[in-house]
Amino acid sequence: MADRRTPRVTPQRRAVLRALEELGCAQDVEAIHARARSFLPRLGRVTVYRTLDLLRTQGLVEALHLGDGRTRYELARHHHHHLVCLRCGTLEALEACAIGPLEALARSRGFRITAHRLELFGYCAGCQALNSKGWR
């Protein structure tokens, strides 16, 4: 069960939260660290890892695992899904949710869904354009 006590708002936590806010859709630790250092130059990578873990246990941040060995983080603000490019790794938020028919099917079998996540994998427009020019 997540610890819901409010963590102290330190300059480091504020920098990580601001970085997540500005970066938008799910980002890896390296991107979060780089952006957070623009607000707090001496911020260490270990502090970013610890802060993300704390914010995740508090329910303020979600971690995404997309099967490539990298964990990505984003603010847990609103429900959405992702489009994931298999070539360049770009993530794009997909605000629409079409899980309704699957929820109805689950209910008909006596199953109560408490959460879901959907990532759609394929190729972004830029990578498709490269493919049409000879990339394989």
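The values are calculated or read from the model by the stated rules, or taken from the named source; none is laboratory data. Here the structure is a predicted model, which means the values were calculated and not measured. So basically every Cβ, Gly included, is an ideal-geometry build from the backbone, and we count neighbours across all protein chains shown. The accessibility values were calculated without ligands, DNA or RNA, using every heavy atom of the protein model including side chains. Shrake-Rupley method; radii C 1.70, N 1.55, O 1.52, S 1.80 Å.
Okay, here's what the table says:
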read-out: Average Cα contact separation per residue, the chain, under 8 Å, 6 or more apart, as relative contact order %; value: 20
read-out: With every protein chain in place, the chain: carbon and sulfur % of accessible area (1.4 Å); value: 53
read-out: Calculated Rg and Dmax of the Cα atoms in Å (choose from (i) 17.7, 54; (ii) 15.1, 46; (iii) 15.9, 51), label; value: (i)
read-out: Residue-averaged [θ]222 nm for the chain, counting only DSSP H segments that reach four residues, each worth -39500 (n - 2.57); value: -11500 deg cm²/dmol
read-out: Computed label-point distance, nm, for sites Ile113 and Ala76 using a 7 Å Cα→Cβ extension; value: 1.9
read-out: Accessible area expressed per residue, region 18-90, with surrounding protein chains retained (probe 1.4 Å, Å²); value: 54
read-out: J(HN,Hα) series, region 96-108, from Karplus relation 6.51 cos²θ - 1.76 cosθ + 1.60, nearest Hz, glycine and proline x; value: 6, 10, 10, 7, x, x, 5, 5, 4, 4, 4, 4, 5
read-out: From phi via Karplus (6.51, -1.76, 1.60), per-residue ³J(HN,Hα) for region 79-87 in Hz, x at Gly/Pro; value: 6, 7, 10, 9, 9, 10, 7, 6, 8
read-out: Theoretical FRET efficiency, 1/(1+(r/R0)^6), r = Cβ-Cβ of Asp68 and Arg45, R0 22 Å, to 0.05; value: 0.65
read-out: Distance in nm between pseudo-label sites at Ala125 and Ala93 (7 Å out along the Cβ direction from Cα); value: 1.9
read-out: Gained length - Leu83 relative to Arg18, 0.36 nm times residue gap less alpha-carbon distance; value: 21.0 nm
read-out: Dipole magnitude of the chain, debye to nearest 20 (Cβ charges: Lys/Arg +1, Asp/Glu -1, about Cα centre); value: 420
